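Worksheet for the structure shown next.
The values are calculated or read from the model by the stated rules, or taken from the named source; none is laboratory data. These numbers come from a predicted model, not from an experiment. Here Cβ is always computed from backbone atoms with ideal geometry, including for glycine, and neighbour counts include all displayed protein chains. Note: accessible area is taken over every heavy atom of the protein model, side chains too, but ligands, DNA and RNA are not part of it. Shrake-Rupley method; radii C 1.70, N 1.55, O 1.52, S 1.80 Å.
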Amino acid sequence: SFACGRRFQALMPLPVPPAKRLCCRPGYSTTCRQGQRAGGTVCGGSGSGQGGSSKTQSPESLLDIAARKVAEKWPFQRVEERFERIPEPVQRRIVYWSFPRSEREICMYSSFNTGGEESATSGENVDETRLPFRRGIALLESGCVDNVLQVGFHLSGTVTEPATTSEPEMVCSVAISFDRCKITSVTCGCGNKDIFYCAHVVALSLYRVRRPEQVKLHLPISETLFQMNRDQLQKFVQYLITVHHTEVLPTAQKLADEILSQNSEINQVHGAPDPTAGASVDDENCWHLDEEQVQEQVKLFLSQGGYHGSGKQLNLLFSKVREMLKMRDSNGARMLTLITEQFMADPRLALWRQQGTTMTDKYRQLWDELGALWMCIVLNPHCKPEQKAAWLRQLKKWNSVDVCPLEDGNHGNELPNLTNALPQGAHDSGTRPHRTVFTRAIEACDLHWQDSHLQHIINDDLYTNYCYHDNTENSLFDSRGWLLWHEHVPTACARVDALRSHGYPREALRLAIAIVNTLRRQQQKQLELFRNHKKDLLHKGVTSITNLEGWVGHPLDPIGTLFSTLMETGRGDEDSSQDMNVMHELSSTFASPGYSGESYLALAVETALMGLGQQRIMPDGLYAQEKVCRNEEHLIAKLQEVDLDDTLVKIFRKQAVFLLEGGPYSGLGELIYRESVPMHTFAKYLFTCLLPHDAELAYKIALRAMRLPVLESTAPSGDMSRPHHIVSVVPNRYPRWFTLSHIESQQCELASTMLTAAKGDARRLETVLESIQKNIHSSSHIFKLAQDAFKIATLMDSLPDITLLKVSLELGLQVMRMTLSTLNWRRREMVRWLVTCATEVGVYALDSIMQSWFTLFTPTEATSIVATTVMSNSTIVRLHLDCHQQENLASSARTLALQCAMKDPQNCALSALTLCEKDHIAFETAYQIVLDAATTGMSYTQLFTIARYMEHRGYPMRAYKLATLAMAHLNLSYNQDTHPAINDVLWACALSHSLGKNELAAIIPLVVKSVKCATVLSDILRRCTLTTPGMVALQLLDATIGAYINTTHSRLTHISPRHYSEFIEFLSKARETFLMAHDGHIQFTQFIDNLKQIYKGKKKLMMLVRERFG
């Protein structure tokens, strides 16, 4: 019989993949086929057990049953080799049944996710009508598919794309090859460049699936040619050449020449190719996947570096791999190999390694998913040994590349491998090999599924007699006869994930239940063990980490896998009726997974609680630590979607007690290791769930979880080399918690949740307050809690909760003490808030903070914010104070002000004077403090400010006194003619002038001594000349003239031509001052002559001087 070989592309209207085998007929003669029709029949014609419009259903024929099975499993060449002659009806039924009958795979290969799931996966509202699969259905249903023809294992047709406003109508020629119910190659005239099938291929495929009776079916073309005699064959060839002469004539002539040549290569081969004749024995039976497009698309997405939604697109490709694995499609591993090769070829890997920088978080997550998918692939329970060996070689090759990313980012992994736990401190961290993202998959290649007990678990094989020994650590059953599976937990859960991923939901569920029952038994055993040794452990004050790697945040996500497996079953989320039947069967088989009446949902919830409560060490590295937080929050978010019923509340109570009493195995045990992952986020969730049902237990959990020992500085008494760090369980570890700020914020959230819940309960509030003060070490977080408590206590719809207000105040006071001697940019806000809080608490609180101000505030804060606010009218009105209370507060404020003025007169004296205005003795005391400090610690600016305040308050002589003291500190040089103190000097002179001649005469010498600026002295001279006594005025005039002379020489030293005109104006002002003297004219002339002589080199300037002054 004929089979497939390399086809002649030029003879085809569309290019199709090369034919795989050559067609020949042994013992061929022109008469052996007589009586067989060369024409075709309709697919659903005679002999069809499917199709037709008959309303009655007849049993399927044996021919169809057999043909369907052969079409699914056998390559057509094997059929031909098995039988010397195959009747034409049999060939037709095999060819008929060889086309895919399910739309599911066609959908999978033409959209990112089957059906309408893509929008959910992508996280956006995707227009499903634009997906190739949906568009293909629309084209089919609108009658756009035409000229459909099936010749053997080849389907062709045309699909018309209707015209749009921007595009004309387009007719696409589509060709599809198929084999054993899989589409093996597709071509389309639309020129589609994508990983997935275009809408036109979808439309033609679905036409054949949905309307087989309308498709004309022919046997392979070689079979038809066998029926022709020489004349018919010649006519056939000549007509074919005539119809397509422009395309095929050169090829036809070339073939003719080769056939007529005795020694040509074509004559050395028996038979001829037929692209319609089906698959050969050696052909791999898999769906068409455009490998080049997979590589190009992945390369493009990676080059975009996370922009344009490339990360989302890559995640969708990973989802497609999982979808293929679930359908047990061999293209899953093939596609993942192509993706991995592009990831490994990403040029950024070498660049990051060279620069020592880390990859982005989202990119890092993509690598994680890559590693997890390889783990699933190598753990396929039904993969062939040669397949696994090939994957192992490929994984080792990638693993050996220098730039291959490490499992935990840029840090070496100190976690145990898959098959055995690492003894504590067994190896030095420096000698441990780095683990890459492929290491776990490589290790998983050593795992097998042949264990008889494992087979009993996943295959539902019942033990006829089981023997339970409660004292045996690795018993195969628990006390109720439930199957157990003892294996490194992440490894066991990786098996579950692999079973789910490869489309074995029943087996995955059975193994998941066995693992969970094992975990529960271990938890019970650990609790009993701890209770027996509790007194000894607590007396020593030590604990141990039983898990160096935690289950939550683990690269294999064991708890997430168990939870998802059980939840999907509990909710019936599996996506086919077949899977639903499996679930129904399991529901009857496992009517009570753990104990009577327990549901899969309850089992899932308990599993999550056990995993979240496990005491585990904080891993090294920023990425690994962020992953712990992210996975914990993700799992809790899943739990929050579950509505708690009475059964689940019982589980919460049971697990809460286990966690509190679980010793070193629990993150909420009495003693935890310093570097254990904190339980704040988990405890907040437990607290919220338990509070309505068991408040006492809820508070026990939350208060226990408040601790954060990594911030405690207590070290074991025997270790003096590291006084601030507890010795670590792993040698050479130094705690570097990159996520500490996030952890502290979660601790703060837990405390805030408890404060909110405890409103109105004084005993609980006091307990929570003590816990906050003991465990929270960040002033900003304590301040936030203080603010939260204040808001809760003063809600508008209820009376203030005075106990909670006091808690708020107490926390605020703690913040004040913590930040008093440290720089904090929010300090001013904190002080103002504390006064507001104290005001709400009452007058005694205000009085208290003023009495102990020195432990809470700086002198400046105490006077300018605290005392000033307390003495304001708004505070008096807010508190409804009587006269006696007002006076007591005022007295405390004055005492505070005087104390602050003594401690910091420079910054507090003015505030002290202001606060003491209404009390004569206090005011005089404050004034005396100013005078005492004036000669030593206070600046002229501060003294001038207080002096002006005194004048404003009606104490001009005191103002004058302070002004003279300020002048003693002042020194204005010749060029400081814009100094801010000039106004103060002029004011002081004006004040002296208003007080009388004696005061003015006294201050002028001080001015002359302090001010060397000619323009300022000139200004003072003009203002004071009329009333200044003769000798004093003369002293001021001489000083002014001297200042002008000195300033002139100073300016001329570095003068530039652009300042010449300005200098001439300056000399004009100087002349005005000179002329005020008795012999001023003569003095000025001499002065100018001197300038001309000294600076005669500055010819242009001196010419300007002569023009103006002669």
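Can you pull the Kirkwood radius for the range 51-110, inverse mean 1/r over Cα pairs, to one decimal in Å? Can you show the working numbers first?
Working: mean 1/r = 0.0753 Å⁻¹.
Result for the range 51-110, one decimal place: 13.3 Å.
What is the percent of Cα-Cα separations in the range 983-1110 that go past 25 Å? Before the final figure, lay out the partial values.
On the way: 2520 of 8128 pairs.
Value for the range 983-1110: 31 percent of Cα pairs lie more than 25 Å apart.
Given charges of +1 on the Cβ of Lys and Arg and -1 on the Cβ of Asp and Glu, with all other atoms neutral, how large is the dipole of the range 187-226 about its Cα centre, in debye to the nearest 20?
That gives a dipole near 140 debye.
Based on the Cβ-Cβ distance from L881 to R653, what FRET efficiency comes out when R0 is 45 Å, to the nearest 0.05?
Working: r = 51 Å, r/R0 = 1.14.
After rounding to 0.05, the efficiency reads 0.30.
Which whole-number percentage describes the relative contact order of the range 951-1018, with Cα contacts under 8 Å and a sequence gap of 6 or more?
Reported relative contact order: 43 percent.
Mind checking which aspartates and glutamates have their Cα closer than 19 Å to the Cα of K774? Skip sequence neighbours fewer than 8 apart in that chain.
E670, E675, E712, E744, E749, E766, D788, E810
Using a 1.4 angstrom probe, figure out how much accessible area the range 1067-1110 has per residue, in square angstrom, rounded to the nearest whole. The partial results should precede the final answer.
Details: 2870 Å² over 44 residues.
Value for the range 1067-1110: 65 Å² per residue.
Among S222, Q262, S280, flag the residue with its Cα farthest along the positive direction of the charge dipole of the range 206-287, charges on Cβ as +1 for Lys/Arg and -1 for Asp/Glu.
So the residue furthest toward the plus end is S222.
Could you name the lysines whose alpha carbon sits less than 28 Å from that of K1069, not counting residues in the same chain fewer than 8 places away?
Of all the lysines, those that pass the test against K1069 - Cα under 28 Å, at least 8 places apart if same chain - are K997, K1009, K1012, K1092, K1096, K1098, K1099, K1100.
Going by the alpha-carbon gyration tensor, a ≥ b ≥ c the square roots of its eigenvalues, is the range 622-689 rounded (a/c under 1.5) or, if a/c is not under 1.5, prolate (a/b greater than b/c) versus oblate?
Judged from the Cα gyration tensor, the range 622-689 comes out oblate (a/c at least 1.5, b/c at or above a/b).
Can you give me the solvent accessible area of K1069 with a 1.4 Å probe, rounded to the nearest 10 Å²?
So the heavy atoms of K1069 present about 110 Å² to solvent.
Near R653, within a Cβ-to-Cβ distance under 14 Å, what is the net charge of the other residues, with Lys and Arg +1 and Asp and Glu -1?
Details: positive: K650, K654, K700; negative: E606, D645, D646, E661, D694, E696.
Surrounding charge for R653 is -3.
Just the number, please: Stokes-Einstein D of the range 157-316 in µm²/s, Kirkwood Rh from C-alpha pairs, 25 °C, 0.890 mPa s.
123
Relative contact order (percent) for the range 926-1073, with alpha-carbon contacts under 8 angstrom and 6 or more residues of separation?
19
Mind giving me the FRET efficiency for L392 and Q214? R0 is 51 Å, r the Cβ-Cβ distance, nearest 0.05 is fine.
0.55
Of all accessible surface on the range 864-910 at a 1.4 Å probe, what whole percent is carbon and sulfur?
54
At 1.4 Å probe size, with every protein chain present, just tell me what the per residue accessible area of the range 889-1000 comes to in Å². Please list the in-between numbers first.
Values: 5180 Å² over 112 residues.
Ligands and nucleic acids excluded, the result is 46 Å² per residue.
What distance in nm separates the two pseudo spin-label positions at H533 and E265, each 7 Å out from Cα along the beta-carbon direction?
Modelled inter-label distance: 7.7 nm.
In terms of Cα to Cα distance under 16 Å, which aspartates and glutamates are near enough to K388, apart from those fewer than 8 places away along the same chain?
Within the straight-line limit of under 16 Å, K388 reaches these aspartates and glutamates: D329, E443, D446.
Could you give the C-alpha radius of gyration of the range 786-919 expressed as a fraction of 2.2 N^0.38 Å, taking N as the number of residues it contains?
The reported ratio for this selection is 1.04.
Any idea what the alpha-carbon Rg over 2.2 N^0.38 Å comes to for the range 1070-1110?
1.20
Per the 1.4 Å probe, what fraction of the accessible area of the range 924-1002, in percent, lies on carbon and sulfur atoms?
50
Longer than 28 Å from Cα to Cα, which of K326/K654; K182/K396; K654/K784; K534/K700; K525/K700; K684/K784 are they? Say none if no pair is.
Over 28 Å apart, Cα to Cα: K326/K654; K182/K396; K654/K784.
Under a 5 Å amide H to amide H cut-off, with H placed in plane at 1.01 Å, what residues pair with L972 once short-range neighbours are removed?
Residues meeting the criterion, in which the H sits 1.01 Å from N, are V1011, K1012.
Enter the accessible area per residue of the range 756-795 (Å², integer; probe 1.4 Å; all protein chains in place).
43
To the nearest 20 Debye, how big is the dipole of the range 327-409 about its Cα centre, given +1 on the beta carbon of each Lys and Arg and -1 on that of each Asp and Glu?
Roughly 280 debye for the range 327-409.
Beyond 16 Å, how much of the Cα-Cα pair distribution for the range 353-399 remains, as a whole percent? Mind showing how you got there, number by number?
Details: 570 of 1081 pairs.
Distances greater than 16 Å cover 53 percent of the Cα pairs.
Mind listing the phi-derived Karplus ³J(HN,Hα) values for the range 356-367, rounded to whole Hz, using 6.51, -1.76 and 1.60 with θ = phi - 60°, and x for any glycine or proline?
x, 9, 9, 6, 5, 4, 5, 5, 4, 5, 5, 5
Please state, rounded to one decimal and in Å, the Kirkwood hydrodynamic radius that the range 924-1000 gives when every pair of distinct Cα atoms enters the mean of 1/r.
Hydrodynamic radius (Kirkwood, Cα pairs) of the range 924-1000 is 12.7 Å.
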